[in-house]
Each structure stands twice: as C-alpha cells, then as structure tokens.
Amino acid sequence: MADAVAATILLAEDDDGHAMLVQRNLRRAGILNEIVRTVDGQEALDYVQSKGIYAGKPRPTPLVMLFDINMPRMDGIQALAHIKGDPHTRSIPIVMLTTTDDPREIERCYQAGCSLYITKPIDYEQFCDVIQRLGLFLQIVQIPRGQ
Amino acid sequence: MLDHSIDTLVKELRGSPQHWSKCSEQTLIGEFTQILEVSASTTAENGAVKYAVALHDITERKRYEAQIAARASELLQKNFELERLSNSMKHAKDEAEQVKEQADNLNQQLSKVNDELIKKKEENEAFLYSVTHDLRSPLVNLQGFSQELLSVSDDMRKLFNEPECPPQIKKRGLMLLDEDMKGSINFIQAGVMRLSNIMDALLRLSRVGRVEYQLQTVDLNPIVQRIIDSMNSIITQKGARITSGPLPSTWGDPTALEQIFANLIGNALNYLDPNRPGVIEIGCLAEQRDGMPVCYVKDNGLGMSEQARTNLFRMFQRFHPGQAKGEGIGLNLVKRMVERHEGQIWAESTEGEGTAFFVALPNRMPA
C-alpha cells in the first residue's frame, strides 16, 4: 500500500471548478499523492509523452490518470485512445471522470481501454462521496511501476 | 367481266360481231331467285349470222359471293370495333399508368418526408442529450461550491465563537451567517437541484426514442404484481387498496411495459384524495380497441378538469403540484412508450371522483 501512495495522479479537466472540487475531495479522502492538472487531453498526452510544455520532463512512475471527456483541443476519449494505442504507455491506468452517463459514451471508453468509468453526480454530497471513494480506491489499487 | 343486262348484250352483239359477251339475268321462280349468266357471241359466215349462246346457273356462286361480302363487311365492322376497343383500352392503360406514376411519386415524397421526420427526431434527441449533458457541467460547480460555501460558513461560525471575538461582532457575524448566507445558499441549491431534475427528466425522454426495444410476448400479470409489491410501503402509508384483475399478454418490451404501468399506478397512488380511502383497480376491458386488448388503471382519487385532461400528456404539465414531487414528464414519457409499441392511451376523469387510464397494446407480433 505504501508503494501505491507514491503514484502521481494526473487530472485532465478543462473546468477549473470541477478540478478544484475533485482535488479537494481527493485530499479529504486522505490522498497525499502529487496531483498534476492539465486543462485538456492534448496537455495530458504531452505530459505522458514528455512533449510540448512537458518536453524534457520524464513522466513520473507510477502514474494514474483521471480524464474528463468533454475538453477543448483533444477530448478525453481521444487522449485515452492515444495512450492505450501506444505500447509504452498502454499500461497506465486511466479513470474516466465525467458528467456524461450516456451508455454509448461509457461503452466507447471501455472499448478504448479505460480502467474505470465514473459519472460526476450533480448532487454535491454524492459528488463528494464518489470522489472520496475513488480516492480510497486509488490508495489500494496496484499500479504498474516502471512503464 | 362486267355484268350487263340482256338488252346491252344484244346491242353489243349487233355492233361488233365475233365478240363473246356476258350478262347475267335474275329470274324469280317462286320464292327462289335464280341467276343466270348469259354468254353470247355472233359470227358472220357466208352472209349468215350465227349466234352462239351459253347459259350458266350462277345462283350458288352469287349467293356465296354475297355471303362472303356480308361476312367481310361484318368482319370489317368487328375489326373496327376491336380497334376502337383496343384504343380505349390503351387509353385506359395510359391513364392507369399515369395514376400509378402519380401514386408512386406521392409515395416517394411521403417516404422522403417520413425519413426526414425520423432524421429530425433523431437529431432533436441527440441535441437534447448533448445539451442536457453540457448543462450538467456548470451545475456540478454551482452545487459543489454552494456546499463549499456552507462549510466555509461553518468555519467562520467557529471563528465568531472564539473567546477573543468582540460580542458585537460575534452577534452581527452569526446573524449574517445563519440568516442571510444560509438562506441564499439554500435558494441556490434548491434551484440547482430542480434544474438538475428537469434535465434528468429530459434525458430520460430523449432516451425513450433511443433505447432499442426487445420485443417479445409479455405476460402483464407478473409485471403489474411486481410493481404493486415494490410500492407496498407507500400503499400502506396511504391506506390504499389495489386490486388487479387478470391481464392479457402483450407484444412489447418488458422494461418499457413495466415503466408504463409503474408510472400509471404511481400516479394513481400519488393523486388519491386524502379525504377518502383510496381504491385503485387494474384490469382489462372486455372489448378490444382496433384489435388490441385494453388495460386500465382506475382510481377514486382527485380526478381532473376537462381542461387538465386535454393537456394531460403534454410535457411539464402538473395539475396537483403540491400533492407529489415530479417534473410533469411521466405521462409524456408513458405516451411516447405506448406509441412506440403502436398502442394507444387515453384517459377518462371526473374532478373529485377519480381518473381512469386506458392503454391499448398489441397482443401479437405485427404481420
């Protein structure tokens, strides 16, 4: 468990408010991991591939990523497909965290290889509950090291 | 060989000897007409004139000739009639083809309009879906941060309660927190939750057209029984009595059928008259409608006015807003589901006496 705590969490989320609420509730769940935020899928991809503004910065391992779907430039599903399509990054766990509960969207994400799909509830109590449970889950889940 | 009269023949013979000539003569013998052909020639020999005359009976020949002529003209007439008939048939055929072409055109237009309508409907549903999802995102913020504000005000309350806080400031501060701030936040949250419910309802509506139905023969009896069982606590709480008569099997999607009846029974329970014991009857009419069995859900509840009944299936219509929670979308949803089954739904109601909903659903696979 101590190993898993060290994982860096990358949060790809274009909405500042959502990003803040997610981070706050992860902290409330006792998550002490470093949380990096990118504002869209492209930036998340750059982070993973050490390109763009992350050029020259090797990605930390272990790494787990939380992706929103609707984002400008590159949406979460495209970024997911890119990362899962690349043998070097395929084993990074990706959790889709989005307001959409469209069954077709959920299906598409699992097809593209996401590890989990979570819908953000509007009701804040439920929202907190979901994010904090996700935090607890992240604490116990085994994440591949040295991808 | 012209037929001459005998007189002409004689004249001819005189004028030009050595010439055979013919004539025919009709002789009436009793009722029988005999026709003779007279052929004659003259020769002058040694100053004497010799006449040679041959007679042929051509009665039969003439009769045949007449028959053939009559037959020919008859045939000609027939042929003429046939041609006329054939012309008018051709004309009729042309007309029929024209009509068929027009019908085909109309059909094509109709099917085009139909395709366009289906496309429009799908576009509308997809639009509704994406809009409601896009609207959800800001609601998460509104709801989340208003809640965060509440917890901030909890922290501030602790600050005001610190011993070093001057009593004047403490009093004023706590009042601002507990009255102004809390009240405002409550309004925001109630508004957001209402919006969120409406959007969920819209999403459910848009899904009605998108969910694929698994059509099969469905026995309604266990479905309705299951619904009644699941509503047991509210039935007991309302002191209502629900009876369910034998129901038919229908051709439809089990989930959609369950939603249809759950909505109708739920409505009946929600809008009972609190001043009398509620009675809800579920059953099947003896007579069919358009070949479909008709189920009903009948209550002795509040009922509704004629005006309300006309708008019954419209979206966001609520007639007893104080009586139950909801967005006024259930019956619209039910109607869409029934119509997707190619069934019919209608209601009868008397204000103060109760309401009956009738649902006609096909009982077999369409041919």
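The values are calculated or read from the model by the stated rules, or taken from the named source; none is laboratory data. Everything quoted here is computed from the prediction, not taken from an experiment. Every residue, glycine among them, receives a Cβ derived from its backbone with ideal geometry; neighbour counts consider all protein chains shown. Areas reflect the complete protein model, heavy atoms only, side chains present, ligands, DNA and RNA absent. Shrake-Rupley method; radii C 1.70, N 1.55, O 1.52, S 1.80 Å.
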Would you please give the residues with an amide H less than 5 Å from that of B:Leu247, counting only those at least 5 places away or on a separate chain, with H modeled from the backbone geometry? B:Asn221
Note, segment B:285-299: 3J(HN,Hα) by Karplus (6.51, -1.76, 1.60, θ = phi - 60°), whole Hz, Gly/Pro = x, goes 5, 5, 9, 8, 10, 6, x, 10, x, 10, 9, 9, 10, 10, 10
Of the candidates B:Leu139, B:Ala360, B:Gly252, the farthest towards the positive dipole end of chain B (Lys/Arg Cβ +1, Asp/Glu Cβ -1, centred on the Cα centre) is B:Leu139
For a label point 7 Å from the Cα of B:Lys158 along Cα→C-beta, name the residues of segment A:5-43 whose backbone N is under 19 Å from it. A:24-31
Most mobile of B:Met304, B:Met89, B:Met231 in a GNM of chain B (Cα contacts under 10 Å): B:Met89
Protein-only accessible surface order, largest first, of B:Ser184, B:Ser230 at 1.4 Å: B:Ser230, B:Ser184
Let me cross-check A:His88: its accessible surface, 1.4 Å probe, with only protein heavy atoms counted, in Å² to the nearest 10? 130 Å²
Quick one: if you stick a label point 7 Å off each Cα along the C-beta vector at B:Gln344 and B:Glu97, how many nm between them? 4.2 nm
Gyration tensor (Cα) of the protein assembly as shown, equivalent ellipsoid semi-axes in angstrom: 101, 38, 20
Mean-square fluctuation maximum in Gaussian network of chain B, Cα pairs under 10 Å, restricted to B:Glu258, B:Glu74, B:Glu148, hits B:Glu74
Step through the residues of segment B:56-68 one at a time and calculate ³J(HN,Hα) from phi using the Karplus curve (6.51 cos²θ - 1.76 cosθ + 1.60, θ = phi - 60°), rounding each to whole Hz and writing x for Gly and Pro. 10, 7, 10, 3, 4, 4, 4, 5, 4, 4, 4, 4, 4
Interchain or long-range residues, amide H under 5 Å from B:Ile329's placed H: B:Phe316
For B:Leu149 and B:Leu215, what does the FRET efficiency come to when R0 = 60 Å and r is the distance between their Cβ atoms, rounded to the nearest 0.05? 0.75
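Assuming R0 = 30 Å, can you tell me the calculated FRET efficiency for the pair B:Cys284 and B:Thr255, based on Cβ-Cβ distance, to the nearest 0.05? Spell out each step's value before the answer.
Working: r = 21 Å, r/R0 = 0.70.
E between B:Cys284 and B:Thr255, to the nearest 0.05, is 0.90.
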In Hz, Karplus ³J(HN,Hα) per residue of segment B:120-134 (6.51, -1.76, 1.60; θ = phi - 60°; x = Gly, Pro): 4, 4, 5, 4, 4, 5, 5, 5, 4, 4, 5, 5, 5, 6, 5
Give the calculated FRET efficiency between B:Ser41 and B:Asn87 to the nearest 0.05, with a Förster radius of 60 Å applied to their Cβ-Cβ distance. 0.65
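Which entries of A:Lys84/A:Lys120; B:Lys298/B:Lys335; B:Lys158/B:Lys182; B:Lys100/B:Lys120; B:Lys238/B:Lys298 have Cα-Cα distances beyond 21 Å here?
Result: A:Lys84/A:Lys120; B:Lys100/B:Lys120 exceed 21 Å.
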For A:Tyr47, B:Tyr64, give the ranking by accessible area with the largest first, probe 1.4 Å. B:Tyr64, A:Tyr47
Under a Gaussian network model of chain B whose springs join Cα atoms within less than 10 Å, the largest fluctuation of B:Gln307, B:Gln344, B:Gln216 belongs to B:Gln307
What nm value, rounded to one decimal, do you get for the distance between B:Lys11 and B:Leu176 when each label is placed 7 Å out toward the C-beta? 15.0 nm
